[in-house]
Amino acid sequence: MRTITGAVILLVGIGGLGYWAMTNQAQLLENKIAEAAGAVDVTPVHGIDVSVSGRDVVLTGTVDGPKEADALYAAYSQVPGRREVRTDWTVLPEIVPFVLAVRWQDQAMVAEGHLPTEEVRTELAPLLGQTEALPLGAGAPDAWGAAAALGLEAARRLEEGEMRLEDRKLTLTGIGRSPAEAAQIEALLAQLPEGYESELSIEYLDDGTPPEYSITYDASTGLRIDGKLPAGLTPEQVAEALDFVAYTGDVRTGLLGDAEGHVEIIGPIAEWLPDLERLTIERTQDDVSVVGAVRTGVDTELVASALSEAVGTPVNLTVSTAHLPDGSLRTNAATGETEVARAGYWLPNIQFAPDVQTCTNAMTATLFHSPINFLTGSARLDAKASRVINEMASVAALCVETGQLRAEIGGHTDSVGDAAGNRALSEARANAVRAALIARGVAPEALTAQGYGESDPIDTNDTEEGRAANRRTTVVWSPSDDGVN
């Protein structure tokens, strides 16, 4: 019995020793195969995982296209001792041509195409934004990721545009702010990896030239603005500064220059437009030129002086005469009033049924709204006096020609100075008004002038306000057949 038991133990021992030896030998063989597989001299694009199971080499991960798959399989098939090479990998499709197309608009990028690696995806994410929707593909040239990064950075320098990287050619199209941005883009693309080429097609919102513009006012046609305004100044702001809503012309606002001070020069001109027939303001960098023509009857010297002081630069003015036949009508662009041509002047087109009372009321209202002013101590009408003279002429012509009336133009002064001198000054001023009305076509025989000096005050002469009220022009109407000479 002991003999049998011993034999059994011996057999079990011998079997166990054989199993141990066989198992140990298999592990040693697997280790040797794994060592040999780890020594395979290949560098996959995406870095595959290599493991050994028994005598089988197992390859997993992402493979950069069929060519790399074949090369990897062939390389690991040379591992000594392996039984077979098993693959459980994803083979990326071969993309020909390899393209990434990006649209840059509203400060956001929309892309389509492929990326070569996850590393490139990570590198481009700060420039491209969301990249998860872009699949990986095989076939990208060397340094493609670096070229794509430069292209995306260049695209972001545009206002809007498209970047397309096709194999080794980068194309950039779109709209830029100015040639200054073009220089920056070209500097970026000059850093493209060797073997890459670029093509640019960019239009610019600003051609890079300094702002230059002209503003033209015409009493008959209105306001026109042409040229390039500096950054921050719009045509609407220019028109508003001159009290206009509408304008014509070929004008744009540039992206260069400084708008500071431009409206300050333009704005003061607005109050003088009713005295002007035409005016052109030309601005070239820091140079300002103002030329134009006053309406007939306007004191050119006084208006030019006032305008020069207002805009801070010499203003050259001439006189313009209405050449249309008497009775021609127009709407004055600055005032919006209907005007009628008469004796070379443009006068307000005033219509009413004239008699002594209505003519008195109309003339009184005119003088109350816009008193006639003279230079101090002189019979010279001031710079804006022609406006009220024109209105007076329209009223007077209607009252004389249709109403068969005549008028006495009276001049009055305050009590400052001697009485004789004041009477002489008042008469000279009354005659100046009479002459201005006659020049505008009012029959001279229907008008007389009388100087009253300080003899007929309507207010106290003890205050400046009272003295200003006493310095006035009056018009007294009477029928032309009343027998009074």
Using alpha carbons only, how many angstrom separate the centre of the stretch 160-229 from the centre of the stretch 349-364? 63
Identify all aspartates and glutamates with a Cα-Cα distance to LYS384 below 13 Å; exclude those on the same chain that are fewer than 8 residues away in sequence. GLU271, ASP275, ASP299, GLU301
Vicinal HN-Hα couplings computed from phi for the stretch 209-224 (Karplus, 6.51 cos²θ - 1.76 cosθ + 1.60; Hz; Gly/Pro x): 7, x, x, 9, 8, 10, 10, 10, 10, 9, 4, 8, 10, x, 10, 10
Sum up the charges of everything whose Cβ sits under 12 Å from the Cβ of VAL288, counting Lys and Arg as +1 and Asp and Glu as -1, but leave VAL288 out. -4
Just for the chain, what percent of DSSP beta bridges are antiparallel, to the closest 5? 65
Expressed in nm to one decimal, what extension gain is obtained for the pair GLU94 and GLN107 from 0.36 nm per residue of sequence separation less their Cα-Cα distance? 1.5 nm
Please list 195-207, 469-481, 147-159 highest first by mean number of surrounding beta-carbon atoms within 10 Å per residue. 147-159, 469-481, 195-207
Out of residues 5 or more away from VAL52 or on other chains, whose amide H comes under 5 Å of its own, with H placed 1.01 Å from N in the peptide plane? VAL58
At 0.36 nm per residue, and after removing the present C-alpha to C-alpha distance, how many nm does the segment from ASP70 to VAL40 gain when stretched out fully? 9.3 nm
Give me the distance in nm between label points sitting 7 Å out from Cα along the Cα-to-Cβ direction at ASP459 and THR171, one decimal. 7.9
18 Å Cα-Cα reach of LYS67 towards lysines, excluding residues that sit fewer than 8 places from it in its own chain: none
Give a residue-ordered list of calculated ³J(HN,Hα) values for the stretch 378-390 (Karplus: 6.51 cos²θ - 1.76 cosθ + 1.60, θ = phi - 60°; whole Hz; x for Gly, Pro). 9, 9, 7, 5, 6, 4, 9, 5, 4, 5, 6, 4, 4
Going residue by residue through the stretch 158-175, the Karplus relation 6.51 cos²θ - 1.76 cosθ + 1.60 with θ = phi - 60° gives ³J(HN,Hα) values, rounded to whole Hz and with x marking Gly or Pro, of 8, 5, 6, x, 9, 10, 10, 10, 10, 6, 10, 10, 10, 10, 10, 10, x, 10
Long-range amide H contacts for ILE372: which residues qualify at under 5 Å (H placed 1.01 Å from N, peptide plane, sequence gap of 5 or more or a different chain)? THR473
If you add up the charges near VAL319, with Lys and Arg at +1 and Asp and Glu at -1, over every other residue whose beta carbon is less than 12 angstrom from its beta carbon, what do you get? -2
FRET efficiency for GLU264 and GLU119, Cβ-Cβ distance as r, R0 = 51 Å, nearest 0.05? 0.35
Calculate the spin-label point distance for THR60 paired with VAL291, positioning each point 7 Å from the Cα along the beta-carbon direction, and give it in nanometres. 8.7
Using Stokes-Einstein with the Kirkwood hydrodynamic radius over Cα pairs, what translational diffusion coefficient do you get for the stretch 212-320 at 25 °C and a viscosity of 0.890 mPa s, in µm²/s rounded to a whole number? 177
Amide H proximity to GLY176 below 5 Å, modelled H, separation 5+ or other chain, gives GLU159, GLU203, TYR204, LEU205
Charges only on Cβ, +1 for Lys and Arg, -1 for Asp and Glu: so what's the dipole of the chain about the Cα centre, in debye to the nearest 20? 940
Enter the angle in degrees (range 0 to 90, nearest 10) between the Cα long axis of helix 144-155 and the first principal axis of the Cα atoms of the chain, meaning the one along which they spread out most. 10
At q = 0.10, 0.11, 0.12 Å⁻¹, what log₁₀ I(q)/I(0) does the chain have when each alpha carbon counts as one equal point scatterer in the Debye sum? -0.89, -0.98, -1.08
How far is helix 179-189 tilted off the main Cα axis of the chain, in degrees rounded to 10, range 0 to 90? 10
Relative contact order (%) - the chain, alpha-carbon pairs under 8 angstrom, separation at least six: 7
With an 8 Å Cα cut-off and a minimum separation of 6 or more residues, compute the relative contact order for the stretch 36-190 in percent. 18
Sorted by packing (mean other beta-carbon atoms within 10 Å per residue), highest first, where do 397-406, 411-420 land? 397-406, 411-420
Modelled FRET efficiency - R0 25 Å, THR234 with GLU309, Cβ distances, 0.05 increments: 0.35
How would you rank 86-94, 456-464, highest first, on the average number of other Cβ atoms within 10 Å across their residues? 86-94, 456-464
Inter-probe distance in nm under a simple model that places probes 7 Å from Cα toward Cβ, at ALA439 and LEU200: 6.2
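Laboratory data are not the source of any read-out in this text; all were calculated from the coordinates shown. Since this is a predicted model, take the numbers as computed values, not measurements. For neighbour counting, all protein chains shown are included, and Cβ atoms are generated from backbone atoms with ideal geometry for every residue, glycine included.
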